[in-house]
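The values are calculated or read from the model by the stated rules, or taken from the named source; none is laboratory data. This is a predicted model, so every value here is computed, not measured. Positions of Cβ are generated from backbone atoms using ideal geometry, with glycine treated the same way; all protein chains shown enter the neighbour counts. Just the protein is used for accessible areas: all its heavy atoms, side chains included, with ligands, DNA and RNA removed. Shrake-Rupley method; radii C 1.70, N 1.55, O 1.52, S 1.80 Å.
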Amino acid sequence: EVSDADRLEMLRIAVAETGRKELKASDFELREKDYLSTSEVLLRLRKDEPETALVFIMGMDSWLYFHKWRNYETILETANIAVFNRPGHVLNPKDQPEELAELCSRHLITDHSVMNIAGGLYFMESRPFDISSTALRNLLREGDAGAGEYMSEGVLKYIREHGLYGTRP
C-alpha cells in the first residue's frame, strides 16, 4: 500500500535526521530488475563502493538464525554486521549454534569506535522496541497515537502529509 518511492523517501529522511554525513540511503535494490539475495546485494554494493564500510543491520531475532541464511559467510566477508537487541531474543553464548559461535570468535568487535570496511561483527545495545511493523502500521491507521515513539519526527510528518498507512493528510 506504500510505494517504493515513498519508502525510499522515508529512509532518506530518517538517515538525514541522524545528522551523520557518512550514512546514505541507496535506491540500488529498487533499480534492480531481479530479486537478489542479501549476499548478492552486498557483493554488488562492494563492487561499486570498494572503500566504503558497509554495515548490514539486523535484530537479535534474525542473528539467532543467521547461520541458516543463504551464503551467510559471504555477508560477513563483504560487510560488517550490526546486531541490535530485540525483546524476547537474547544471545546466550553457551547455547548458540556452533556456526554462530565460530563467527563470533573470528569477527566480534567490542570497540564500537572501530569500523572496518567489512568483516566486523558488532552487538549493539539500544532501547528495544517491542512492536512489529504490522502493529506500527495499525497504530498509524488508528490515528497514529504513540507512533512517534517508534520513528523520527520527519518520517512521521511525511507519513501524515502523504496519507500513508491509512493516515489522513
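Can you find a residue in region 39-48 that is in a strand (DSSP E or B), surrounded by 14 or more Cβ atoms within 10 Å (Cβ to Cβ) and not basic (Lys, Arg)?
no
It is to be established whether one or more residues within region 102-110 are of a type outside the set (Gly, Ala, Ser), within 19 Å of SER37 (Cβ to Cβ) and either surrounded by 16 or more Cβ atoms within 10 Å (Cβ to Cβ) or in contact with a helix residue (DSSP H, G or I) (Cβ under 7 Å, 6 or more places away or on another chain) (or both).
Yes, region 102-110 has at least one match.
Counting only residues that are under 10 Å from GLY154 (Cα atoms) and more than 13 Å from the chain's Cα centre (by Cα), which one in region 13-35 is surrounded by the most Cβ atoms within 10 Å (Cβ to Cβ)?
ILE13
Which pairs turn up if I take residues in region 142-153 that are in contact (Cβ under 8 Å) with a residue 12 or more places away in the chain and open to solvent by less than 40 Å² (accessible area, probe 1.4 Å) and look for partners that are part of a loop (DSSP other than H, G, I, E, B) and of a type outside the set (A, V, I, L, M) with beta carbon separation below 8 Å, at least 6 apart in sequence or on another chain?
Hits for this filter: ASP144/THR167.
When you scan region 90-98, do you find a residue that is surrounded by 14 or more Cβ atoms within 10 Å (Cβ to Cβ) and free of Cβ contacts under 8 Å to residues at least 40 places away in the same chain, even just one?
yes
Could you go through region 114-137 and let me know if any residue there is among the basic types (Lys, Arg), assigned to a helix (DSSP H, G or I), without any contact (Cβ under 8 Å) to a residue 60 or more places away in the chain and touching a helix residue (DSSP H, G or I) at 6+ places or on another chain (Cβ under 7 Å).
yes
Looking for whichever is open to solvent by less than 70 Å² (accessible area, probe 1.4 Å), assigned to a loop (DSSP other than H, G, I, E, B), farther than 24 Å from ASP130 by Cβ and hydroxyl-bearing (Ser, Thr, Tyr) here; the options are THR52, THR74. Which one fits?
Being open to solvent by less than 70 Å² (accessible area, probe 1.4 Å), assigned to a loop (DSSP other than H, G, I, E, B), farther than 24 Å from ASP130 by Cβ and hydroxyl-bearing (Ser, Thr, Tyr) holds for just one of THR52, THR74, which is THR52.
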